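Chemist: My structure is below; once you've seen it, I'll send some questions.
The values are calculated or read from the model by the stated rules, or taken from the named source; none is laboratory data. All of these numbers come straight from a predicted model, not from anything done at the bench. Here Cβ is always computed from backbone atoms with ideal geometry, including for glycine, and neighbour counts include all displayed protein chains. These area figures cover heavy atoms from the full protein model, side chains too; ligands, DNA and RNA do not enter into them. Shrake-Rupley method; radii C 1.70, N 1.55, O 1.52, S 1.80 Å.
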Amino acid sequence: MPLSAFSCLRELNSLNREFGDDALGRKIELLRFLERRRLNKAKEVAQFHDILCFMRAWPNGPEILEVTERILEGFANRSDLRRFHNQLEGSGIAGTVISYRFFHPTAEWLAERWGHRLQIDWPEFENAANLESFLSILVSYAETPALDEYDFGARVWIERMKNPGETDAVFLIRSFKALHADSFLQEKLYEDLDPPLRLLPGADTPSRSTEKFPTKRITWQKEPIQNQRPDLKAAIRSSSFKMNKLGTGQARRAVELARGTMVARLRDLDAFAYADPNDVRIADCGGGVQVLLTGVLPKRRLLLESLYGFLLLKNGIPIGYGTGAGLFSSCEVAFNLFPAFRGGETALIYSLVLAIFRRLFDADTFMVDPYQLGQDNEEALHSGAWWFYANLGFMPREPAALRLARAEMSRRRKRAGYRSSISALERLSQYPVFLELRRKRRDVLGTLNLAAVGLAVTDLMARRFGSDRKGGTRQCAMKVAHLLKAGSLNNTTADEREAWERWSPLVLALGSVHSWPRKDQRALVEVIRAKGGHHESDFVPLFDGHQRLRKGIQRMAESG
């Protein structure tokens, strides 16, 4: 065994994706050596941690799994981790601080669970001066004379206002939650302030080192990882998986894992932040791959598309995440594999994700939006994300984009080793790309301007109600109930009634509903109720199967 920890790390990295018996023995030997040795640079500590994470997700035997899990469980206690903890802040490694400007629901979740470890990062708080103007609405009226007279500054005031048993971050988060306003306004005010938070490490705080979803069976990696590019359309059609709804306890653990996974990577995802524990499913795809699907709480659902978040698991280890939004027999998919796991069956896993959403939404067209390709997204741009999708068969539809794409593909065919320039990728990433399993259609997400639907509703509400939007919405709900002969809606749930209120102005903006056949009016009632139902995925087939509604929304989208 060489004496240098760095040389051992370098050799371990070279063997990371080797799975033969010879490699197995040597990897275990190197792991045990590095478990006892200190690394000399922060980047070496981070690299060792990433290797361990990968080996835990793709283990080639029980012994190596036991070693990697033991090292990761004790990673926070390593002397080199403690030595470089400042440099590794934000890495998500156990024992390091997490610093980020989390959205309000995530900040609230952190305050509920780890409030004693949550702090405001005052040196990074760019809007601290603006916070002072909010203080008078966060405290009792009897305190306002002092606020009018003393200019202590936000930090000193918060320190004085908070209870000795709570942190400044917890005081701020809870105070916004206590405002006499609905949750949308509370969050808007909080997020306009954009306070940066610091989560100090603890035994159970979110970290990449310890995150795992319980799994009954481990798939051992005995063969080289399959990185071949599949025929994506064929792979989608032939993929098989079992989809099961999780029970209450498991569903809540799944949501907690998904949210913690984002926190550890300094990210926030609405589909997880607003996940509905009553709508969580798991797709078992074989080979140790599972996909956790989370629906969104009815109050936070989009008006039209049905949105689901997903967390990718390999042997229970989170390796990536994303979202799928479905409507018009199409699906917009955002897909992200975490850096430590890239190159590990990426295209295969992606095909499984598409197959799942094909079943969930009966989708025959998939779209990737410009952000995923690199528009205003440096990570995607520099990783060549556009080529990942192009190589799988995704292509833009805009004529100008098609010309750019074909020119780049021609250069690649003619010149071995050709790499698109960043400027070329920037131009290509301005356009969405599509994959069609059947015929090409115009009425798909990515081509329909759904914002125009909202604009048509704005025009109707402005003409009829002006500033009285709240009263106007109630009037719309009553009028549509009468129009569709829906009765008093007494037999509906609170979520279904809220969906009814939200959809009523849209129904009136359609303009022709009063002349629809009675069966189509009854079907429209069921579509709206499904938007507020237990599983939002039930809404999509009802919407897509309602031809008059579908064509009416399409006309509105195309008129903008």
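Chemist: Quick check, is ARG358 open to solvent by 40 Å² or more (accessible area, probe 1.4 Å) and at pLDDT 95 or above?
Modeler: Considered against the rule, which asks whether it is open to solvent by 40 Å² or more (accessible area, probe 1.4 Å) and at pLDDT 95 or above, ARG358 comes out as yes.
Chemist: Go through (1) more than 22 Å from the chain's Cα centre (by Cα); (2) loosely packed, with under 13 Cβ neighbours inside 10 Å one by one and return the number of the condition GLU112 breaks.
Modeler: Against the list (1) more than 22 Å from the chain's Cα centre (by Cα); (2) loosely packed, with under 13 Cβ neighbours inside 10 Å, GLU112 comes up short only on (1).
Chemist: Quickly run through segment 108-126 and pick out the residues that are of a type outside the set (Asp, Glu) and assigned to a loop (DSSP other than H, G, I, E, B).
Modeler: PHE125
Chemist: For a quick check of your reading: which helices (runs of 4 or more DSSP H) sit entirely within segment 481-560 and have at least 3 residues that are among the aliphatic types (A, V, I, L, M) and on the phi < 0 side of the Ramachandran plot? Give the derivation first.
Modeler: Values: elements: 494-510, 518-531, 539-545, 547-559.
The helices (runs of 4 or more DSSP H) meeting that bar are 494-510, 518-531, 547-559.
Chemist: Another question, if that's okay. Contact list please: Cβ distance under 6 Å, first residue in segment 281-294 and in a loop (DSSP other than H, G, I, E, B), second residue surrounded by 22 or more Cβ atoms within 10 Å (Cβ to Cβ), pairs at least six apart or on different chains.
Modeler: Correct list of pairs: GLY288/LYS314; GLY288/ASN315.
Chemist: Continuing with the same structure: Looking only at segment 23-79, which residues are assigned to a loop (DSSP other than H, G, I, E, B) and touching a residue at least 60 places away in the same chain (Cβ under 8 Å)?
Modeler: Keep residues of segment 23-79 that are assigned to a loop (DSSP other than H, G, I, E, B), which gives 37-41, 58-61, 74, 78.
Answer for segment 23-79, where residues must be assigned to a loop (DSSP other than H, G, I, E, B) and touching a residue at least 60 places away in the same chain (Cβ under 8 Å): TRP58, PRO59, ASN60, GLY61.
Chemist: So which residues in segment 246-272 are part of a helix (DSSP H, G or I), more than 24 Å from CYS53 (Cβ to Cβ) and of a type outside the set (Asp, Glu), if there are any at all?
Modeler: If the condition is that a residue be part of a helix (DSSP H, G or I), more than 24 Å from CYS53 (Cβ to Cβ) and of a type outside the set (Asp, Glu), then THR248, GLY249, ALA251, ARG252 are the ones that fit.
Chemist: Further question: Taking the conditions exactly as written (in a helix (DSSP H, G or I), closer than 25 Å to THR261 by Cα and not aromatic (Phe, Trp, Tyr)), does GLN87 satisfy them or not?
Modeler: Taking the combined requirement at face value, the residue does not satisfy it.
Chemist: While we're looking at this one, here's another question. Being open to solvent by 100 Å² or more (accessible area, probe 1.4 Å) and either in contact with a strand residue (DSSP E or B) (Cβ under 7 Å, 6 or more places away or on another chain) or outside any loop (DSSP other than H, G, I, E, B) (or both) is the filter; apply it to segment 216-245 and report the residue that is farthest from LEU15 (Cα to Cα).
Modeler: LYS245
Chemist: For the list (1) open to solvent by 20 Å² or more (accessible area, probe 1.4 Å); (2) under 23 Å from GLY533 (Cβ atoms); (3) under 14 Å from the mean Cα position of the chain (by Cα), I need the number of the one condition that LEU302 fails.
Modeler: Among (1) open to solvent by 20 Å² or more (accessible area, probe 1.4 Å); (2) under 23 Å from GLY533 (Cβ atoms); (3) under 14 Å from the mean Cα position of the chain (by Cα), LEU302 violates only (3).
Chemist: Please tell me if ALA451 is within 29 Å of the chain's Cα centre (by Cα), in contact (Cβ under 8 Å) with a residue 40 or more places away in the chain and loosely packed, with under 13 Cβ neighbours inside 10 Å. Steps first, please.
Modeler: Working: within 29 Å of the chain's Cα centre (by Cα): yes; in contact (Cβ under 8 Å) with a residue 40 or more places away in the chain: yes; loosely packed, with under 13 Cβ neighbours inside 10 Å: yes.
Taking the combined requirement at face value, the residue satisfies it.
Chemist: Let me ask something additional. Report the residue count in segment 127-156 for those that are part of a loop (DSSP other than H, G, I, E, B) and either touching a residue at least 40 places away in the same chain (Cβ under 8 Å) or within 30 Å of PRO201 (Cβ to Cβ) (or both). Talk me through it step by step, then tell me what you get.
Modeler: So the first thing to find is which residues in segment 127-156 are part of a loop (DSSP other than H, G, I, E, B), and the list is 127, 133-134, 139-140, 150-153.
Now restrict to residues that are either touching a residue at least 40 places away in the same chain (Cβ under 8 Å) or within 30 Å of PRO201 (Cβ to Cβ) (or both): 127, 134, 153.
The total comes to 3.
Chemist: Looking at segment 158-175 only, could you name the residues that are within 18 Å of LEU147 (Cα to Cα) and either basic (Lys, Arg) or open to solvent by less than 40 Å² (accessible area, probe 1.4 Å) (or both)?
Modeler: Within segment 158-175, ILE158, ARG160, MET161, LYS162, ASP168, PHE171, LEU172, SER175 qualify.
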